[in-house]
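Single-structure report; data block below.
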């Protein structure tokens with residue numbers, strides 16, 4: 001026969017079992033949801049990106065179009081797939097940079113392009129239509145400087161030049177080919 005004492009002990013025993021089970025379940029759940037931060041793994045990504053960076057005066061300085069960007073906290077880098085970058089300058093026409101891949105460092109302090117890099121500037125009052133092709137290119141958007149140590153194919157109307165290495169001031173529109181330059185001039189007919 002059940003006595004009040006036995007009923008109380010049974011209830012306390014069930015209560016102890018329930019609290020222990022609940023504690024174990026919560027402990028396992030908490031451990032399963034805690035994620036260790038690994039700076040080498042991406043912490044964010046964006047798809048279908050169209051982003052415009054403005055200068056101090058509120059005017060466009062740089063525009064980026066890409067189907068995908070992936071950010072990594074380690075070294076604050078962002079991998080960019082098939083980027084199309086527009087660098088605006090004082091001239092009416094901006095510079096366009098296309099490649100298969102790019103990596104932005106420290107936000108957009110430095111952007112490294114590689115694989116099928118094409119730089120193009122449409123003709124304006126001061127400069128003829130200009131295009132350059134190379135395999136790697138580093139730009140510093142704030143300073144509007146672009147450089148490479150790789151072979152470069154430089155084209156303007158009637159002129160084709162092959163060189164190794166290039167340094168360009170995108171704002172001024174000046175391009176310095178660094179070494180082993182070989183050119184061909186073919187006047188338009």
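Report the calculated FRET efficiency for residue 41 and residue 136 (r = Cβ-Cβ distance, R0 = 30 Å), to the nearest 0.05. Computed FRET efficiency for residue 41 and residue 136: 0.70.
Overall shape of region 40-171 was characterised from the C-alpha gyration tensor. The equivalent ellipsoid obtained from it has semi-axes of 25, 18, 12 Å, in decreasing order. Shown for 154, 101, 113: other C-beta atoms within 10 Å of each C-beta, ranked fewest to most, produce the order 101, 154, 113.
Taken together, the values in this text are just the output of simple stated rules run on the coordinates, not laboratory data. It should be emphasised that the depicted structure is a prediction, and the values quoted were computed from it without experimental measurement. Heads up, the Cβs are rebuilt from the backbone with ideal geometry, glycines too, and the neighbour counts pull from every protein chain shown.
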